[in-house]
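The values are calculated or read from the model by the stated rules, or taken from the named source; none is laboratory data. Please read all numbers here as calculations on a predicted model, not as lab measurements. Quick reminder, even Gly has a Cβ in these numbers, built from the backbone with ideal geometry, and neighbours come from all protein chains shown. Just so you know, the surface numbers come from the protein's heavy atoms only, side chains and all, with ligands and any DNA or RNA stripped out. Shrake-Rupley method; radii C 1.70, N 1.55, O 1.52, S 1.80 Å.
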Amino acid sequence: MDINVAGETLPMRDSLAREIEVAWQRMAAPGTWWTGAERLAIAAEARRAGDCTLCQSRKAALSPYTVDGDHDSTDDLPDVVVEAIHRLVTDAGRITEKWVLSLAPALDETAYVEIIGVIALLTGLDKLDQALGLALRALPEATASEPNRQRPKGAKRNLAWVSTLAPEDVGPEDPNPYPLHGDKNIHRGLSLVPQEVINFFDLDVELYLKDHEIRDFEHDFRAISHAQIELIAGRTSALNGCYY
Amino acid sequence: MTTTGAADSVPHGDVLIFLVEAVHSGEDSAIATARMAVRDTLGDAAFVDACATIASFSAVVKIADGAGIPLEDYKEEATRDMRAEFAINQFQ
């Protein structure tokens, strides 16, 4: 399909265009721990975080943990939620295990992992629009319904700073996040909230590549080559301070 | 490996790096210039896929950093010599 950017037409793969729309719908729908309205409030707060004076001071400091204060926010969300959102948006590279653990009990790790999922999804959508030259979309209307608040029984804290669900521990009552996109550690990072794995990677495999395509150097799956994709990936990750 | 060296070894790597850095800077004029450079050099479909890759790796870092996942064992093994050569482990 074609997209219109500032009066010019650009080609976009149908599968990418489709998953962008699915991602926006999922952003506004009830999650596992947050309602649709709450997920959109998290997204709105994430968009504001870049202008937060406290976050800018922390970003400039040798350590963000030496700077106290209040975030610039709208008071729509509890302070601990605002803290989590702002750190994930503005200084994720210096998050520590101690900081993650300090969020509890005010913010349960399940709710925190869903916040990560919402922010990752929003970042992918907004960064794509920014790069293409599109204005950021207005956030959609929330879908009214209640989250199911189901924690996977098999989740354990033995891999990351948050509990994760190993493939062998997925129960019949859990959405299985692994068959479609793989079970690398990056997939397991969100697996305490399995639906968030599905929500993010359904979009991400269209932004980047499907798991089986990544090392298939016999074929090119995009209009740029594997080498060009990995050059972009490496430089973007370095600029974001990601060394995973 | 420097950024310049990496870019030189990939076809049109310089304009792609220019786009990545412009988008990361958030400066509208730089992004506009980089956008046209990629479109003129690689074409519109390549430009859209380059933007999509930037979006992906801007997003996935939130999961890695927020959840604190470790590198997989097989990746650690595969990169052991390279990490030693560049003394990357000294940054831990």
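Here B:ARG39 meets each of (1) facing chain A (nearest Cβ under 7 Å); (2) among the basic types (Lys, Arg); (3) more than 28 Å from A:LEU190 (Cα to Cα) with one exception, condition (1). Among the residues making up segment A:33-67, a single one is among the basic types (Lys, Arg), open to solvent by 30 Å² or more (accessible area, probe 1.4 Å) and closer than 15 Å to A:LEU121 by Cβ: A:ARG47. Hey, does segment B:9-30 have a residue that's more than 7 Å from chain A (Cβ to nearest Cβ), surrounded by 14 or more Cβ atoms within 10 Å (Cβ to Cβ) and over 15 Å from the mean Cα position of the chain (by Cα)? There is at least one residue in segment B:9-30 that is more than 7 Å from chain A (Cβ to nearest Cβ), surrounded by 14 or more Cβ atoms within 10 Å (Cβ to Cβ) and over 15 Å from the mean Cα position of the chain (by Cα). Among the residues of segment A:80-95, just one is modelled with pLDDT of 95 or more and either outside the structural domain of A:ALA120 (by TED's automatic domain parsing) or open to solvent by 40 Å² or more (accessible area, probe 1.4 Å) (or both), namely A:VAL89. Give the residue that is farthest from B:LEU71 (Cα to Cα), with candidates limited to residues of segment A:224-240 that are open to solvent by 20 Å² or more (accessible area, probe 1.4 Å) and part of a loop (DSSP other than H, G, I, E, B). Taking the candidates together, the pick is A:SER225.
Going through A:THR123, A:THR164 one at a time, which residue ends up being open to solvent by less than 10 Å² (accessible area, probe 1.4 Å) and within 14 Å of another protein chain (Cβ to nearest Cβ)?
On inspection, the qualifying residue turns out to be A:THR164.
Of the residues making up segment A:133-161, those that are within 21 Å of A:SER237 (Cβ to Cβ) and either charged (D, E, K, R) or surrounded by 21 or more Cβ atoms within 10 Å (Cβ to Cβ) (or both) are A:ALA160, A:TRP161. When A:LEU136, A:LEU203, A:LEU190 are screened for being more than 9 Å from chain B (Cβ to nearest Cβ), touching an Asp or Glu at 6+ places or on another chain (Cβ under 7 Å) and under 22 Å from A:VAL22 (Cα atoms), only A:LEU136 passes.
The residue that is most open to solvent (accessible area, probe 1.4 Å), among those in segment B:56-75 that are part of a helix (DSSP H, G or I) and either in contact with an Asp or Glu (Cβ under 8 Å, 6 or more places away or on another chain) or more than 7 Å from chain A (Cβ to nearest Cβ) (or both), is B:ASP73. Within the span defined as segment A:134-150, one or more residues are under 30 Å from A:LEU10 (Cβ atoms), of a type in the set (A, V, I, L, M) and within 17 Å of the chain's Cα centre (by Cα).
In segment A:85-113, the qualifying residues are those that are under 23 Å from A:PRO140 (Cβ atoms) and out of contact with any helix residue (DSSP H, G or I) (no Cβ under 6 Å at 6 or more places or on another chain), and the one that is farthest from the other protein chains (Cβ to nearest Cβ) is A:ALA111.
Taken over segment A:1-60, the criterion of being over 25 Å from A:GLU114 (Cα atoms), among the aliphatic types (A, V, I, L, M) and in contact with an Asp or Glu (Cβ under 6 Å, 6 or more places away or on another chain) is satisfied by A:MET1, A:LEU10.
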